[in-house]
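Data first, discussion second: the structure below is written as structure tokens.
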Amino acid sequence: MTLRNNITVIVLVLVGFYASAQDPIFTQSNYIQESLNPGFTGFEDDERISAGLLSRTQWPNLNLKVHTQYFYINKSYENSRSSAYGLGFNFLWQNEAVSNYNFYQANVNYVHRVNLNGGWFFRPAIEVGFGLKDVKFKGLRLADQININTGVINPISVDPFRGNTDNARFIDISSGFVFEKEELNDISYWFGISAKHLNRPDTSFIRDQNVPLDIFYSLHGNFRFPFLLDYRIMMTANYMQQGEYNRLDIGSLFQVNQFLVGLTASTNPAKNDGNSHLLTSVNGFLGLEYEAFRFGLSYDMDVSKIGRTNGVYEFSVTYMSRCRTCPNDRSRKR
């Protein structure tokens, strides 16, 4: 690692100690809602299994390249026509190339389905997880180790910072709910609210200092209706806020036989500084359903002045088991 890279890593890590981190956000969360709200655990009902993998590469042309991977699996269990529950598991990993920062979190979910009559269902849920943030402290070079004049790196440091750091480990508690209604004419709609990090876990790398993680709020909705007999259109909206930052995504998804085409606009309503843009990116999505699998590819085209980042790429594959309790196997709800 060069002298310049060592200094860059130190600055980035120190900034991270005193600033609350922001949650990873996926472009395809409009279609894989488990990443937003535990209330979608077992959402497909009828004892079906839902699983998926979502891979994201952000800004590949910059030194700040970030990779994020998300995996989930869940299953619904039927008690009766009016009641059911779902169990799920998900895992998140994120890596920042320049600092070799890694974030890992594993969660388990429970959701209960309540029949409200009139075709409405209510799905309250809770999620409990364990998180780990790792910055590879053994590889850091501190100020007293660096000789600016000669470029020599001293292997020994007397800086108290070196002996006062640990990887951040924490328990994380989140919750959410979803209201859903499906009409007989293949019209369906739902809306949900989730709040992550309700216990404000301490994410500080420095011992005896508390850096609570801001609560991440999300309000999202979906309206799906038929179009030209066997085709479908799905309209989506998702508002997110964490600390002083917020984001609003509005989009649509068209399904023609086994093919899917989507377009989403990502906006920044808060515009936290003078250089902020209301519209930050335009995101395209292409999908293909093959038997029990759905494959998706999305690309975010930046429209702000952040520079030539080469955008954001996401690839997803999801699986939906057959409906064993239905007279005829039905299609996905989303």
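The values are calculated or read from the model by the stated rules, or taken from the named source; none is laboratory data. Keep in mind it's a predicted model, so treat the numbers as computed, not measured. FYI the Cβ positions are ideal-geometry reconstructions off the backbone, even for glycines, and counts take in every protein chain you see.
Taking the stated definitions as given, is A270 more than 30 Å from L64 (Cα to Cα), modelled with pLDDT under 95 and surrounded by 13 or more Cβ atoms within 10 Å (Cβ to Cβ)?
The answer is no for A270.
Just checking, does the range 269-283 include any residue being out of contact with any Asp or Glu (no Cβ under 7 Å at 6 or more places or on another chain) and closer than 30 Å to R48 by Cα?
Scanning the range 269-283, I find no residue that is out of contact with any Asp or Glu (no Cβ under 7 Å at 6 or more places or on another chain) and closer than 30 Å to R48 by Cα, so the answer is no.
Output the residues belonging to the range 68-110 that are more than 23 Å from T203 (Cα to Cα), surrounded by fewer than 16 Cβ atoms within 10 Å (Cβ to Cβ), out of contact with any Phe, Trp or Tyr (no Cβ under 7 Å at 6 or more places or on another chain) and in contact (Cβ under 8 Å) with a residue 12 or more places away in the chain.
Answer for the range 68-110, where residues must be more than 23 Å from T203 (Cα to Cα), surrounded by fewer than 16 Cβ atoms within 10 Å (Cβ to Cβ), out of contact with any Phe, Trp or Tyr (no Cβ under 7 Å at 6 or more places or on another chain) and in contact (Cβ under 8 Å) with a residue 12 or more places away in the chain: E78, R81, S82, S83.
Need pairs with beta-carbon distance below 9 Å; first residue over 18 Å from Q33 (Cα atoms) and within the range 111-130, second hydroxyl-bearing (S, T, Y); sequence gap 6+ or separate chains.
Between residues of the range 111-130 that are over 18 Å from Q33 (Cα atoms) and residues that are hydroxyl-bearing (S, T, Y), the close pairs are V114/S82; V114/S83; N115/S80; N115/S82; N115/S83; N117/S82; F130/Y104.
Testing D45 on (1) buried (at least 18 other Cβ atoms within 10 Å of the Cβ); (2) in a loop (DSSP other than H, G, I, E, B); (3) under 22 Å from the mean Cα position of the chain (by Cα), one condition comes back false. Which one is that?
(3)
Answer yes or no as to whether R200 is in contact (Cβ under 8 Å) with a residue 12 or more places away in the chain and closer than 23 Å to N257 by Cα.
Against the criterion (in contact (Cβ under 8 Å) with a residue 12 or more places away in the chain and closer than 23 Å to N257 by Cα), R200 does not qualify.
Do the conditions hold for A125, that is, is it touching a His at 6+ places or on another chain (Cβ under 8 Å), crowded, with 17+ Cβ neighbours inside 10 Å, at pLDDT 70 or above and hydrophobic (A, V, I, L, M, F, W, C)?
yes
For residues that are small (G, A, S) and over 24 Å from N268 (Cα atoms), scanning just the range 291-317, find the one that is modelled with the lowest pLDDT.
Taking the candidates together, the pick is A292.
Just name the residue that is modelled with the lowest pLDDT out of those in the range 141-197 that are outside any strand (DSSP E or B) and closer than 30 Å to G118 by Cβ.
So the residue we want is L184.
Which residues, taken from the range 78-109, are closer than 18 Å to P38 by Cβ and touching a Leu at 6+ places or on another chain (Cβ under 6 Å)?
If the condition is that a residue be closer than 18 Å to P38 by Cβ and touching a Leu at 6+ places or on another chain (Cβ under 6 Å), then Q105 is the only one that fits.
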